[in-house]
Every structure is written in structure tokens, then in C-alpha cells.
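Only one structure is covered here, and it is reproduced in the block below.
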Amino acid sequence: MKKRFHLYSWELWIYKCIRAALKTAPGRVIQNKILRNPDLRIPFQAIPLWIASVLTGLVAVAYEKLFVLFEHFGKAIAGVSAWTVFLTTPLFFAIAWYVTVRLSPNARGSGIPQLLAAVDLAGTSKQIGVQRLLNARIGLVKIGSSLLLLLGGGAIGREGPTLQVAGSVFETVYRSIPAGWAKVSHRVMLITGGASGLAAAFNTPLGGIVYALEELTKSHITRFRTAVFSAVIIAGMTAQVFLGSYLYLGYPKLIALPLQMIWIIIIFAFLSGYLGAVFTQMLLWMGKLRDQYPQRKQQLAFVLLLGLFFAAIVFLSGEKAIGSGKPLINQILFEGAETSHWYDFPVRLAGSVLSFSVGAAGGIFATSLSSGAALGALLLQYAGIPQEHHNLAILVCMIGFLTGVTRTPFTAAILVLEMTDRHSAIFYFLLAGMISHLGAGQVMTRSFYEIQKEAFLHPLR
């Protein structure tokens, strides 16, 4: 007997309210006008997108506040005693893993592969599988599991999880639209959810739009482009109402690079893209290693072992290994690359691999940026580049490493551009994205998210 999916009580309440409004005389008149007039159809199709965008902005703000709070708690717990982490880290890693496996296995990992898988299933005969990847339960488990991982000091980000949470919000709103109401395509709805989540998470509306364009290259969005773009902007503006108009990374000082020094962009971008792809290979290898132990007791032992290894890293290197790594990025950009240690890059890299491989919820978007910044600082110690060009080289490595993981070079370049408001460097950033994409292609032909997407699609198909 096939498992049926039911609306949650609050989703059912929304659905009934909308249907009741449409059953009234004014509601029927409006609905008939929409169906008869093609010019009115598209604006009314956008209304669910706008509603979902506002909700996404609110959820993203709440998640960001909780994430920062629990990251602070994780550092405080680790600072009680140098040996505390050997107890607390394995414990919270195990709890986060168990909550995910027990309550919602599809909430594990970044969340972007699940969103991409849902987009592939939308509009097909297998679209019932979308509800297994995006729903209110998964959103709650996603947030809770990642916060538990943070208490253990996990080196994770919230941006990937925010995309799956946003996709769940958009899917919930889509299923609440009454029959007869003009709808956008299911696929466009979900992609808009991911783009809105990215815009709200980083406060980068252009990044969200570019993400939508890069991921929608195989879909027809000509008719709905205004609705999609406006939904992304609404989600970002909703987040700004509560968080203010802030920059994720502030205003690092940049100096124009002479043409004869363009080799800095090329070499740093190629190396960072290459190592970003190597990082994804490590994640895939660890995932296969974990899956070799199908029994839960064996997986629990594996998770505890990962927690002990991560605790050892924190014990030896300090709190730089904990959380998203944003403080490390700010230190390198605003205090100088020389303040970074040679081991910051391997620490961030290993910490991300161990934390993600637990099998709980947690992203690698922000941690890829911090790994890229640490890599740039490491390379600068041996490159002999004038100090006034250090920040540009570091930002190039951040774009390169993120591109190596996501294989979306334009999204990576625009994200870093909006995070720093350094429009004078736009051509350097775009060049870095393209070169790093070539470097990553020497290691892997597909992105980590695309490979992970197939793992979620296979059982649903």
C-alpha cells in the first residue's frame, strides 16, 4: 500500500481560507475574470510566489538568528575546558544524526541536492516524490538538526539548508493553491523558492536571480521572469526589514590590479577551483564509507568516531574550526592575510568534511567561502604579491573554491560581489569564476550537488 501525504493542520487551514474566499460571490467573479483574461493570469499567478517569498524571508531571518546564537553556544561549550569537546562534540554529532535519521532522512546534508531533485521531479509522473523532499516536517528537522550540530562545534553553514527550507515553504504554498486558481509551473515555483532562499540567506538578491538563471537554463521562464525576479527581491527585502541593509562581508579594501599582474587571478582561481573539486571528492568518498555500514549501531559508531576526530582538530587548532568560518574570513580580509596561520586551510577543510559526513543537516556553502579565504591567505605567504593586492587574491580564491563545489561560476562571482559591494572588481570576479570552473573540470565533470541529487532521485524513481 502506497504511503499518502497529508496536509498539516496549518496548511489545511490556509487552504480552506483561500477556498472559502473564492466561493464567495466576489471571489467567483475575480476567478472568472482571471481565467478569461490572459493579461490578468500572469499577475495572479505571481501572487502565491509573493506570499511564499515573504514567508521565506521571515523564516530565513529566524533561522539566521538561531544559527548565530547556537554557533556562539557551541564555541562557549568548547571553551569551558580544553578537553570538553571530546565529550560534547561526539554527543551532539550523534544526537543531530539520530534526529535526522529518525524523523526525516531527506533532511540530511546541504539541502540543495534535494531541491534540485524536486525540480527534476516537478511536472512529471513522479512529482509525488517532491513532497518527500520538500515539506514542513523536513524544514523543521533541517533547522533543528543543524542547530544541534552547531552545539557540537560543527563546521557547517546555513545557506544550503535555507534553500531546502525555502523550497519547502514554496511547495507548501503551491499545494495550498485551490483548484482553478491560475498557477505558474511547479518547476518554476520550486526554483524561485531556492533563489529566494539564497537571496534571503546572504542578502544578495542579484545572486539569487543569477542562481535561478543558471539552474533554469533547461526550463522556459520567459513568461514568468518578472514574477520570479520580483519574488526573489521580495524575499530579500523581507529579510532586510529585520536584519537591515547589511553586507555579508563588509567593505574590504581593493586596489586595481595592473594588467601585467593578471596572472594572480588566473593561478589563484585555477588552484582554488581545482581544490574545491577535490574537496567534493573527499565528501563523496566519506559518504560512500558511511553507507558501507547499513545498520544504525554501526553508523552511530562511525558518527561518534567522526566527532572524536573533529574534537581533536578543535583541541589542537582552537575555535577557528567551529561553525561557518565567517569570523576567519573577516579576520583575513580586514586584519591582513598575515594574521592567518598555515594550518587554517587544512583545519577548515578537514572540519567541513568531518561535520558534513555525519549525515545530519548542514551546508557547505559558507564553509566553502571560509576554506577559500584560508587557502588564499596560505598561498599569499609564498607568492610574494604586494600587500595592497592581498584582498583581491583572497576574494578570488573564495569565488574559485565555491565554484569548484557548486560549478555555478557566475553565481559565485555575483555572490562575492554583493557580499563586499566591490563593483570595481566585477571583471576580476567573473574571470575568476570562469578560470576556476576550468580548474574544477580537471577533477570532476559534474558538481557535488548534481551527484548528490541522483542519490535522492534514485529511490523515488
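The values are calculated or read from the model by the stated rules, or taken from the named source; none is laboratory data. Only a predicted model underlies this, so the values are computations on that prediction, with no experimental measurement involved. Neighbour counts are summed over all protein chains in view; Cβ atoms, including those assigned to glycine, are modelled from backbone coordinates with ideal geometry.
For L378, only one of the following conditions fails: (1) over 19 Å from the mean Cα position of the chain (by Cα); (2) buried (at least 24 other Cβ atoms within 10 Å of the Cβ). What is its number?
(2)
Among (1) surrounded by fewer than 24 Cβ atoms within 10 Å (Cβ to Cβ); (2) closer than 23 Å to A96 by Cα; (3) among the basic types (K, R), which single condition is K126 missing?
Unmet condition: (2).
Give the residue, chosen from G384, G363, G307, G318, that is out of contact with any Asp or Glu (no Cβ under 8 Å at 6 or more places or on another chain) and surrounded by 24 or more Cβ atoms within 10 Å (Cβ to Cβ).
Testing whether each residue is out of contact with any Asp or Glu (no Cβ under 8 Å at 6 or more places or on another chain) and surrounded by 24 or more Cβ atoms within 10 Å (Cβ to Cβ) leaves just G307.
Looking at L379, is it closer than 26 Å to L69 by Cβ and either assigned to a helix (DSSP H, G or I) or in the same structural domain as K75 (by TED's automatic domain parsing) (or both)?
Answer is no for this residue.
Against the conditions (1) at pLDDT below 90; (2) farther than 24 Å from A269 by Cβ, where does A366 fall short? Just the number, please.
(2)
Of the residues that make up segment 305-316, is at least one out of contact with any Leu (no Cβ under 7 Å at 6 or more places or on another chain) and either part of a loop (DSSP other than H, G, I, E, B) or over 16 Å from G152 (Cβ atoms) (or both)? Talk me through it step by step, then tell me what you get.
At the first step, the residues of segment 305-316 found to be out of contact with any Leu (no Cβ under 7 Å at 6 or more places or on another chain) are 305, 307-308, 311-316.
Now restrict to residues that are either part of a loop (DSSP other than H, G, I, E, B) or over 16 Å from G152 (Cβ atoms) (or both): 316.
Yes.
Kindly indicate whether G154 is outside any helix (DSSP H, G or I), more than 29 Å from I233 (Cβ to Cβ) and touching a helix residue (DSSP H, G or I) at 6+ places or on another chain (Cβ under 9 Å). It would help to see each step written out before you state the result.
Details: outside any helix (DSSP H, G or I): yes; more than 29 Å from I233 (Cβ to Cβ): yes; touching a helix residue (DSSP H, G or I) at 6+ places or on another chain (Cβ under 9 Å): yes.
In short, yes.
If you go through segment 121-142 one residue at a time, do you hit one that is more than 27 Å from P205 (Cα to Cα) and of a type in the set (A, V, I, L, M, F, W, C)?
Checked segment 121-142: at least one residue is more than 27 Å from P205 (Cα to Cα) and of a type in the set (A, V, I, L, M, F, W, C).
With respect to I394, determine if the residue is under 23 Å from P258 (Cα atoms) and surrounded by 21 or more Cβ atoms within 10 Å (Cβ to Cβ). Outline the logic, then answer.
Details: under 23 Å from P258 (Cα atoms): yes; surrounded by 21 or more Cβ atoms within 10 Å (Cβ to Cβ): yes.
Judged against the criteria, I394 is a match.
For the condition among the aliphatic types (A, V, I, L, M) and touching a Leu at 6+ places or on another chain (Cβ under 6 Å), what is the one hit in V188, V141, V165?
The conditions single out V141.
Can you pull out every residue in segment 169-214 that is at pLDDT 75 or above, crowded, with 23+ Cβ neighbours inside 10 Å and among the small types (G, A, S)?
Listed by number, the residues that qualify are G193, G194, A195, S196, G197, A199, A200, A201, G207, G208.
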